[in-house]
Amino acid sequence: MATTYAPVANPLAARPSDLATHFMECGALNTNLSLAPGERLVITDDLLNGTVGDVAALSMAAIVARDSQVALAAMLPLSVAASKVSARHRPKYEQLFQLIEETAFDTGVRGSAEAMISAGFREARIRELAAELGGNVGPARTRYRAFLDVIKLLIDKKMSEPAFLDEFLDFTRSVAGKLDFGIYALCVDRLFTSPNIPLMVKVSLVREVMKYPPLVRKELLTNLLSSNTAPLELVQFAQGELSGGMTRDQITEIVLFTTLKRAWAAQKHAPGRPSV
């Protein structure tokens, strides 16, 4: 059964939103953080290389991020900043990290915040946090780069479609949910929108995504359904697949979240609107 999307009123699109507020909205919606409304999901690099530099946004990311690697990555620049302030300003960071410890969604982040307070934001503890994060982020990048070579083989017609799907499933097991979901989602989004990937391969990928856990499936499907660059035939196919294997509530959630992502994108690109 095909599903259509009618425009609906969206209170979030009625006002500009800074990045910290947007992260809070993502947390309230039980979704992974996106770098800007309607755009790709946050990856660890966005928090480590200064793309997200605002303390309020970093703090919100540490608290509400569903991706544990993203939440932990937000802790690192906050810890470095806390280590550099004078003793007079240190209590403000201690209060911030206590808030993270008490309210963060991820248990690992709560433990890291507690340890950082106990260590007085010493450089040695920050290096430990960086090493802990790097131990997972490094393999994610390495595995992603290796999979890009697999994609090139498919594009160059040096790999069959069934062999590519086997490689994709192995990539999924290695990266999604274990290392950096944002990197995985970024890769899947590019596969869906690339003109160099055969449509039937994209269809097979959608069928695989339909088997994923609800949160992961929601992220990937709503990215596709709200995309302005994915092939219309693929979007229509994904719409038609919604009724298979999902409850009515899950379908409703996907439809509503797709509409919200479209509204976010419209808000971001509307004339006169400040960008996030």
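Okay, here's what the table says:
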| item | result |
| --- | --- |
| Subset of the range 201-230 (residues that are assigned to a loop (DSSP other than H, G, I, E, B) and either modelled with pLDDT of 95 or more or within 19 Å of ALA263 (Cβ to Cβ) (or both)) | SER226, SER227, ASN228, THR229, ALA230 |
| Matching residues in the range 147-164 - criterion: being more than 16 Å from ALA185 (Cα to Cα) and assigned to a helix (DSSP H, G or I) | ASP149, VAL150, LYS152, LEU153, LEU154, ILE155, GLU161, PRO162, ALA163, PHE164 |
| Every residue from the range 256-267 that is within 23 Å of LEU191 (Cβ to Cβ) and open to solvent by 30 Å² or more (accessible area, probe 1.4 Å) | ARG262 |
| Given (1) open to solvent by 50 Å² or more (accessible area, probe 1.4 Å); (2) hydroxyl-bearing (Ser, Thr, Tyr); (3) over 18 Å from VAL175 (Cβ atoms), number of the condition THR142 does not satisfy | (3) |
| Pairs where the first residue, in the range 188-200, is within 16 Å of SER227 (Cα to Cα) and the second is open to solvent by 50 Å² or more (accessible area, probe 1.4 Å), C-beta under 7 Å, 6+ apart | ASP189/ARG40; THR193/THR229; LEU199/GLU233 |
| Residue that is in contact (Cβ under 8 Å) with a residue 60 or more places away in the chain, part of a helix (DSSP H, G or I) and not aromatic (Phe, Trp, Tyr), where the choices are ALA131, ALA115, ALA81, ALA73 | ALA73 |
| Boolean, ALA61 is touching a residue at least 40 places away in the same chain (Cβ under 8 Å) and either outside any helix (DSSP H, G or I) or not acidic (Asp, Glu) (or both) | no |
| Filter pass, PRO271 being open to solvent by 60 Å² or more (accessible area, probe 1.4 Å) and either modelled with pLDDT of 90 or more or of a type outside the set (Asp, Glu) (or both) | yes |
| Given (1) surrounded by fewer than 18 Cβ atoms within 10 Å (Cβ to Cβ); (2) of a type outside the set (Gly, Ala, Ser); (3) touching a residue at least 12 places away in the same chain (Cβ under 8 Å), number of the condition PRO91 does not satisfy | (3) |
| Per-region count, the range 35-83, residues surrounded by fewer than 17 Cβ atoms within 10 Å (Cβ to Cβ), farther than 16 Å from ILE117 by Cβ and modelled with pLDDT of 90 or more | 2 |
| Restricting the range 240-254 to residues that are in a helix (DSSP H, G or I) and within 22 Å of the chain's Cα centre (by Cα), the residue that is nearest to LEU220 (Cα to Cα) | ILE254 |
| Only one of ILE183, ILE100 that is β-branched (Val, Ile, Thr), closer than 17 Å to LEU58 by Cα and in contact with a Lys or Arg (Cβ under 8 Å, 6 or more places away or on another chain) | ILE100 |
| Answer residue from the range 145-168, given it is farther than 15 Å from ASN196 by Cβ and open to solvent by 80 Å² or more (accessible area, probe 1.4 Å) and is farthest from the chain's Cα centre (by Cα) among those | PRO162 |
| Filter result for ALA119 (open to solvent by less than 30 Å² (accessible area, probe 1.4 Å) and within 15 Å of CYS26 (Cβ to Cβ)) | no |
| Identity of the residue in the range 171-225, among the aromatic types (Phe, Trp, Tyr) and open to solvent by less than 10 Å² (accessible area, probe 1.4 Å), that ends up farthest from GLN250 (Cα to Cα) | PHE171 |
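Per-residue answers, yes or no, for (1) within 18 Å of ASP18 (Cα to Cα); (2) within 17 Å of the chain's Cα centre (by Cα):
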{"residue": "ALA62", "(1), (2)": "yes, yes"}
{"residue": "ALA65", "(1), (2)": "yes, yes"}
{"residue": "GLN69", "(1), (2)": "no, yes"}
{"residue": "MET75", "(1), (2)": "no, yes"}
{"residue": "LEU96", "(1), (2)": "no, no"}
{"residue": "GLU101", "(1), (2)": "no, no"}
{"residue": "ASP106", "(1), (2)": "no, yes"}
{"residue": "ALA130", "(1), (2)": "no, no"}
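The values are calculated or read from the model by the stated rules, or taken from the named source; none is laboratory data. Here the structure is a predicted model, which is why all the values come from computation and not from measurement. Every residue, glycine as well, gets a Cβ built from its backbone with ideal geometry; the counts of neighbours run over all protein chains shown. Accessible surface areas use protein heavy atoms only, side chains included; no ligands, DNA or RNA. Shrake-Rupley method; radii C 1.70, N 1.55, O 1.52, S 1.80 Å.
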